[in-house]
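Working notes, beginning with the structure itself.
The values are calculated or read from the model by the stated rules, or taken from the named source; none is laboratory data. Since the model is a prediction, treat every value here as computed from it, not as a measurement. Please note: Cβ atoms are built from the backbone with ideal geometry, for glycine as well, and neighbour counts cover all protein chains shown.
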Amino acid sequence: MRLQLTQMVPVMLVFGTFFLAMIVFGIAVYEETQTFTDFTLGGRRLNAFIAALSAEASDMSGWLFLGLPGAVYAAGIGATWIAIGLAIGTYLNWRLVAPRLRTYTQLANNSVTLSAYLEERFEDDSRVLRTVSAAVTVVFFTVYVASGFIAGGLLVGQLFGTGFGFGLTVFAVVMVTYSVLGGFRAVSTSHSVQGTLMVLAAFALPLIGLWQLGGFGPLFHALAAKSPSLLDMGTKASFDHGQWGAGKPLGAIAVISLLAWGLGYFGQPHILARFMGISSTADIPAARRIGVSWVFVALAGASLAGLIGIAELHQPLKKPELVFIALSAQLSNPWVTGLLLVAVLAAIKSTADSQLLVSATSLSEDFFRAFLKRRAPDTALVWVARGTVIVVALVAYVIALSGGDTVQDIVAYAWAGFGSSFGPVLLLSLYWPRMTKAGALAGIMAGALTVALWKYIDPLLGPLQTGLYAMVPGVLAATAAALLFGAFVGRPPRRVWSGSMEKKEPSRVPIG
């Protein structure tokens, strides 16, 4: 979809201002980014507001304004089960993981990556656990960043008619510039602005649409006229050539698969990094309330936009994922359209820059410092980290240029991969003192392999084929492997981390 000429100039000015502001963020915090911890975790000084908005903006990606409204537009409210699962997962992640992970990563030799934390937590002198987990992080996230580059390039290129290559280049250069200059603090601070834009857009566009329709009553009447199945939580409406049909019941397997997306939160390194960077565990309850409220408003608004698109758009869309963009162009003046579309860009960028930084941090910490320069000074590590941001971005850029037809598949696959590989192991590491290194390694490998092979395994079950989203068997396999090997193979760590966060050099004392 391309903007009309009368819309082009205002939207370009809004986009240009947004890109410039992102670079200014990087310049503004450059002088504050002097140590490796500053660059990778913002010196663990994020306040509750920034930590909450950064975590949620990092989480949602362009899926919030493309994938979710598109799914609801095509299938009706039955597609919102995934939003319910994500909302529950967000709350549980803040409640169960955030406080302990913030405490234990600092006490675990001030770990700045999940891999470093796991190595310290399980006293793994062999470095196998760190290497395996870091390799999973770097490989998956580099491809994940490429999917963000593709989405950003497509959005900019299609809106302004510049072509994918030019749009991709502009998007990548801006993101890499402020990430290299300001690191984690620039990324997280920019997320507070982007997260605000995202939630305002998710709230404002449905409000405009409801006002023009005359409220919920006319909306529901219009949806029922198209197909009653659009208003049935237990049904997935059919959509073919602009016509909605009765569809078919979702069934328990489909509902479980959609809800299971919420399980992925416990193992997403780019979200967990925000928990690690918050200034104090005392700030976590406030951050949790802000984050969960943000998620509820954003998911509800994006879902409602999909429904309003069915009733409001003059012509049915061939590509349902463009419903939010089409509504923005049809329902508002050019300046408001620019702000709404910048929110879409912000959603894409806020996830991609988080993943880019996590990948670069893992290369710097888990490979360069761990294996090459254990005594490297802080200033050298900062510059190595900046260099690895550029390296990862270049690889992702090349991958993005090679083609952009599998963005949604990459997102679903990587989300399940991280959630299954790291989620069960991380939860057990925080709550089971006798968990062993063997259990952690078995859990990571079982989760990753199950997700990678599930599309081949499930069809082999014949009549018992489930059709489950790979997250479900992946989490089950990882949990079973971690519990089995954790209970019977190897010895538990002699000491793990607990105690006062106020100590400059926390001592190791037994948990529980």
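Among the residues in segment 423-440, are any closer than 26 Å to Ser61 by Cβ and of a type in the set (S, T, N, Q)? No, segment 423-440 has no match at all. Here Val136 fits the description: under 21 Å from Gly264 (Cα atoms), surrounded by fewer than 24 Cβ atoms within 10 Å (Cβ to Cβ) and not small (Gly, Ala, Ser).
Does at least one position in segment 242-258 carry a residue that is within 24 Å of Val425 (Cβ to Cβ) and within 16 Å of the chain's Cα centre (by Cα)? Scanning segment 242-258 turns up no residue that is within 24 Å of Val425 (Cβ to Cβ) and within 16 Å of the chain's Cα centre (by Cα). Scan segment 466-491 for residues that are in a loop (DSSP other than H, G, I, E, B) and of a type outside the set (A, V, I, L, M) and the total you get is 5. Only one of the numbered conditions (1) of a type in the set (D, E, K, R); (2) touching a helix residue (DSSP H, G or I) at 6+ places or on another chain (Cβ under 8 Å); (3) not in a loop (DSSP other than H, G, I, E, B) is violated by Glu120, and that is (2). Could you go through segment 308-319 and let me know if any residue there is out of contact with any His (no Cβ under 6 Å at 6 or more places or on another chain), over 18 Å from Lys226 (Cβ atoms) and crowded, with 21+ Cβ neighbours inside 10 Å. Checked against the condition, which is being out of contact with any His (no Cβ under 6 Å at 6 or more places or on another chain), over 18 Å from Lys226 (Cβ atoms) and crowded, with 21+ Cβ neighbours inside 10 Å, segment 308-319 yields no hits at all.
Checked against (1) in a helix (DSSP H, G or I); (2) in contact (Cβ under 8 Å) with a residue 24 or more places away in the chain; (3) closer than 30 Å to Phe122 by Cα, Arg369 passes all but condition (2).
Given the residues Ala108, Ala57, Ala21, which is the only one that is within 28 Å of Tyr431 (Cα to Cα), touching a Ser or Thr at 6+ places or on another chain (Cβ under 9 Å) and not polar (S, T, N, Q)? None of the other options fit; the residue is Ala57.
Please verify whether Ala57 is crowded, with 21+ Cβ neighbours inside 10 Å, touching a His at 6+ places or on another chain (Cβ under 8 Å) and in a helix (DSSP H, G or I), treating the condition exactly as stated. Judged against the criteria, Ala57 is a match. Counting residues in segment 160-180 that are of a type in the set (Phe, Trp, Tyr), in contact (Cβ under 8 Å) with a residue 40 or more places away in the chain, in a helix (DSSP H, G or I) and touching a Ser or Thr at 6+ places or on another chain (Cβ under 9 Å) gives one or more. In this structure, Leu484 qualifies as more than 26 Å from the chain's Cα centre (by Cα), over 30 Å from Ser280 (Cα atoms) and at pLDDT 75 or above.
Could you please let me know if Thr131 is of a type in the set (Ser, Thr, Tyr), surrounded by 18 or more Cβ atoms within 10 Å (Cβ to Cβ) and touching a residue at least 40 places away in the same chain (Cβ under 8 Å)? So Thr131 fails the test.
With respect to the stated conditions, Leu168 is farther than 30 Å from Arg288 by Cα, surrounded by 22 or more Cβ atoms within 10 Å (Cβ to Cβ) and either small (Gly, Ala, Ser) or modelled with pLDDT of 80 or more (or both). A single entry from Arg434, Arg374 fulfils the requirement of being without any contact (Cβ under 8 Å) to a residue 12 or more places away in the chain, surrounded by fewer than 22 Cβ atoms within 10 Å (Cβ to Cβ) and assigned to a loop (DSSP other than H, G, I, E, B): Arg374.
If you go through segment 276-286 and pick out every residue that is under 28 Å from Ser133 (Cα atoms) and modelled with pLDDT of 90 or more, you end up with 1.
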